[in-house]
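**Student:** Take a look at the following structure, please.
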Amino acid sequence: MTSGLSPDLVGAYLRRLRVDAPGPPGADALFALQRAHVERVPYENLDIQLGRAPGIDPELSARRFAAGRGGYCFHLNGAFALLLEALGYEVTRHVGGVSDDLASQQISGNHLALSVRAQGAAYFVDTGLGDGPYEPVPLREGGYRQGGFDYTLTPLDDGLGWSFANAGGPFPVMNFRSAPATMADFAAEHLRLSTAPDSGFVRTLAALRRDATGMDVLRGRTLSRVESGAGTSKRELGSPEEFFGVLADVFGRELDDLDAADRAALWARATDAGARGQT
């Protein structure tokens, strides 16, 4: 897999983020980059739904993002790590795992997490959870509030990693090992998640986008807006035109790679997900 991004690709990636001048490595710049990434590069699985899951080489992911696509954790955090390194940050990749059990200490390997050092401090950085933090979280034990959402970061009982808790999310826990990882550590799990019939990524079309006050969530044909303190509003998308308009306008996903057959297949998958209860 690639070891760096060319200056041209860094520039194209930053244009997707609408970041003109990221400045020297530092905490303020790191926070701004994560905010821009979760706002403008959606967590989405359209290509998996079409049976053509992209690989997780971070350079490939960066090229796809520059062209207006999104991805899931291995793509999003993989490419973001490479971008941060190109900008001068010290980045470590970690094997992680999401769980729906708040008491879980297990690490399944189905998530790539990042830690980043900036101005002598370490931060938990994650653009690949979909409903995760809007900004980096200091890599130390404590509770953190962002935009009305509450998170906690605690050491695992064995002292070999960390547990990030988002009690209001569908998968409220993400545990990760402190030890460094490489992208090769995620290849087998990516194959399973992107092709196995029982994988949630294969079963249900989804897109998520985070911003300062909440998140937009599309599962099948149901579009939800989640706001802290304001609850969740939902509406059913009634036509292909509305569905693809939402993907473009709400989630910022360019659609020029989708032909008529692709669009028909995605609409059918979205409709099928609704009929199955979006499991």
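The values are calculated or read from the model by the stated rules, or taken from the named source; none is laboratory data. In this text the structure is predicted, and so the values were computed from the model without any measurement. Cβ coordinates were reconstructed from backbone atoms using ideal geometry, including for glycine residues, and neighbour counts include every protein chain displayed.
**Student:** What are the pairs with Cβ atoms under 7 angstrom where one residue, in segment 95-124, is farther than 25 Å from A187 by Cα and touching a residue at least 60 places away in the same chain (Cβ under 8 Å) and the other, located anywhere, is of a type in the set (S, T, Y) and not in a strand (DSSP E or B)? Sequence gap at least six, or different chains.
**Tutor:** Listed pairs, sorted by first residue: A118/Y89.
**Student:** Further, regarding this structure: Do we have A167 as aliphatic (A, V, I, L, M) and at pLDDT below 95 here?
**Tutor:** Yes: the conditions hold for A167.
**Student:** So, one more: Can you tell me which of (1) at pLDDT 95 or above; (2) over 23 Å from L82 (Cα atoms); (3) not polar (S, T, N, Q) is the one A184 doesn't meet?
**Tutor:** The one condition A184 does not meet is (2).
**Student:** Here is a further query. Go through segment 107-162 and tell me which strands (runs of 3 or more DSSP E), entirely inside it, have 2 or more residues that are modelled with pLDDT of 95 or more, touching a strand residue (DSSP E or B) at 6+ places or on another chain (Cβ under 8 Å) and among the hydroxyl-bearing types (S, T, Y).
**Tutor:** Once the strands (runs of 3 or more DSSP E) in segment 107-162 are filtered for at least 2 residues that are modelled with pLDDT of 95 or more, touching a strand residue (DSSP E or B) at 6+ places or on another chain (Cβ under 8 Å) and among the hydroxyl-bearing types (S, T, Y), what remains is 149-155.
**Student:** In addition: S6 passes all but one of (1) of a type in the set (S, T, Y); (2) free of Cβ contacts under 8 Å to residues at least 12 places away in the same chain; (3) within 24 Å of R269 (Cα to Cα); which number fails?
**Tutor:** Just one mismatch for S6, condition (3).
**Student:** Quick one: I48 ticks every box in (1) among the aliphatic types (A, V, I, L, M); (2) within 22 Å of G252 (Cβ to Cβ); (3) touching a His at 6+ places or on another chain (Cβ under 7 Å) bar one, so which box is it?
**Tutor:** Tallying (1) among the aliphatic types (A, V, I, L, M); (2) within 22 Å of G252 (Cβ to Cβ); (3) touching a His at 6+ places or on another chain (Cβ under 7 Å), I48 fails exactly one: (3).
**Student:** One residue is enough: does segment 182-189 have a residue meeting the conditions among the aromatic types (F, W, Y) and over 18 Å from N77 (Cα atoms)?
**Tutor:** No, segment 182-189 contains no residue that is among the aromatic types (F, W, Y) and over 18 Å from N77 (Cα atoms).
**Student:** A follow-up question, please. Here are some residues: P197, P170, P180. Which one is part of a loop (DSSP other than H, G, I, E, B), over 24 Å from L17 (Cβ atoms) and within 16 Å of the chain's Cα centre (by Cα)?
**Tutor:** Only one candidate passes the filter, namely P170.
**Student:** Considering only segment 133-155, state which residues are within 18 Å of the chain's Cα centre (by Cα) and aromatic (F, W, Y).
**Tutor:** Hits for segment 133-155 are Y134, F149, Y151.
**Student:** Taking into account only those residues within segment 7-34 that are under 19 Å from the mean Cα position of the chain (by Cα) and either at pLDDT below 95 or not aliphatic (A, V, I, L, M) (or both), which is surrounded by the most Cβ atoms within 10 Å (Cβ to Cβ)?
**Tutor:** Q34
**Student:** Among the residues of segment 192-212, write down those that are surrounded by 14 or more Cβ atoms within 10 Å (Cβ to Cβ) and either farther than 29 Å from E135 by Cβ or of a type in the set (A, V, I, L, M) (or both).
**Tutor:** R192, L193, S199, V202, R203, L205, A206, A207, L208
**Student:** Could you give me the residue pairs with C-beta distances under 9 Å whose first residue belongs to segment 147-175 and is closer than 16 Å to V38 by Cβ, whose second residue is outside any strand (DSSP E or B) and among the aromatic types (F, W, Y) wherever it lies, and which are 6+ apart or on separate chains?
**Tutor:** The qualifying pairs are G147/Y134; F149/Y134.
Table: residues versus (1) out of contact with any strand residue (DSSP E or B) (no Cβ under 8 Å at 6 or more places or on another chain); (2) surrounded by fewer than 20 Cβ atoms within 10 Å (Cβ to Cβ); (3) at pLDDT 95 or above; (4) closer than 21 Å to L266 by Cα.
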| site | (1), (2), (3), (4) |
| --- | --- |
| I56 | yes, no, yes, no |
| E59 | yes, yes, yes, no |
| A62 | yes, no, yes, no |
| F65 | no, no, yes, yes |
| G71 | no, no, yes, yes |
| L76 | no, no, yes, no |
| A81 | no, no, yes, no |
| A86 | yes, yes, yes, no |
| G96 | no, no, yes, no |
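**Student:** Just checking, how many residues over segment 153-177 are closer than 16 Å to L114 by Cα and either surrounded by 15 or more Cβ atoms within 10 Å (Cβ to Cβ) or aliphatic (A, V, I, L, M) (or both)?
**Tutor:** 12
**Student:** Right, next: When residues of segment 110-138 are filtered for being over 20 Å from D211 (Cα atoms) and crowded, with 17+ Cβ neighbours inside 10 Å, how many remain?
**Tutor:** Going through segment 110-138 one residue at a time, the tally reaches 6.
**Student:** List the strands (runs of 3 or more DSSP E) inside segment 206-266, counting only whole elements, that have at least 3 residues being under 18 Å from the mean Cα position of the chain (by Cα).
**Tutor:** In segment 206-266, the matching strands (runs of 3 or more DSSP E) lie at 206-210, 214-219, 222-227.
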